[in-house]
Amino acid sequence: CKKNLRVLLDMDQVLADFELGFFQEYRKKYPEYPYIEMKDRVGFFVKDQYEKMFSSVPNIGNAVANIYNAKKFFLNLPEIEGAVDAAKKLAKMEGVDVFICTSPIEKYKYCLPEKYEWVHKHLGPEWVARIILTKDKTMVNGHLLIDDRVDIIGAIERPSWEHVVFSANHNMKADIGKRRRLDNWTNGDWKELIEDFKMR
Ligand code: TMP
């Protein structure tokens, strides 16, 4: 018998819009602080780019971290356009098992429960059982990982999954080698991607 295709969906910037949520909250909470336009984001960590770009501004790194460490930040993240609809369709496809594979932030107090709540609220209660929380995604077994982070490393040198890079402002200029990209959930490309993987 043929095994199902196990698809791992990253959460932040694949399902939930961390970057938009961050930008809006940061501008609201620190209107007097300098900021980086979303289109100019480079590199995975917002904090790193802010600290590098605005090194003369005291405590800018703390200001940045205060935004995503705050209560309700993860809960209130908007959806990435088309993500919830696509994820639901993907989960209904014959021969496909979908999981959400996400890494919590260091200050996990609000992040952890709010990730669960976000999934429950946006995708539905049955999706909560599909959540895999880990700092090391290489330890997770799957065929395909859709993730915006370019440097996914961990204990396993050759993970079971193939990484498809979900496009985000911060990774557009990154060298992704031979990896494929998925640019969005709205143009239907994801269906072709899944069909390609199912035929392997
Ligand atoms: P993941 O997308 O690899 O699952 O990990 C995302 C986690 O990283 C998420 O909990 C948010 C966190 N994060 C930061 O701590 N700082 C940042 O600047 C960004 C963009 C994400």
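The values are calculated or read from the model by the stated rules, or taken from the named source; none is laboratory data. As the structure is a computational prediction, the values presented were derived from the model and not from experiment. Every residue, glycine among them, receives a Cβ derived from its backbone with ideal geometry; neighbour counts consider all protein chains shown. Surface areas here come from the heavy atoms of the whole protein model, side chains and all, with no ligands, DNA or RNA. Shrake-Rupley method; radii C 1.70, N 1.55, O 1.52, S 1.80 Å.
Looking at the stretch 75-97, can you tell me whether even one residue there is under 20 Å from residue 141 (Cα atoms), part of a strand (DSSP E or B), within 13 Å of the ligand (Cβ to nearest atom) and open to solvent by less than 30 Å² (accessible area, probe 1.4 Å)? No, the conditions are met nowhere in the stretch 75-97. The residue that is farthest from residue 3 (Cα to Cα), counting only those in the stretch 154-192 that are over 18 Å from the mean Cα position of the chain (by Cα) and among the hydrophobic types (A, V, I, L, M, F, W, C), is 155.
Considering 42, 57, the condition of being open to solvent by 50 Å² or more (accessible area, probe 1.4 Å) and touching a residue at least 24 places away in the same chain (Cβ under 8 Å) is satisfied by 42 alone. Look at the stretch 6-27: where a residue is part of a strand (DSSP E or B) and a partner is of a type in the set (D, E, K, R), sitting 6+ places away or on another chain with Cβ atoms under 8 Å, you get 6/97; 7/97; 8/137; 8/147; 12/148; 16/79. Close Cβ contacts (under 6 Å, 6 or more residues apart or on different chains) running from residues in the stretch 69-80 that are under 16 Å from residue 116 (Cβ atoms) and aromatic (Phe, Trp, Tyr) to residues that are within 14 Å of the ligand (Cβ to nearest atom) and open to solvent by less than 80 Å² (accessible area, probe 1.4 Å) comprise 74/111; 74/114; 74/115.
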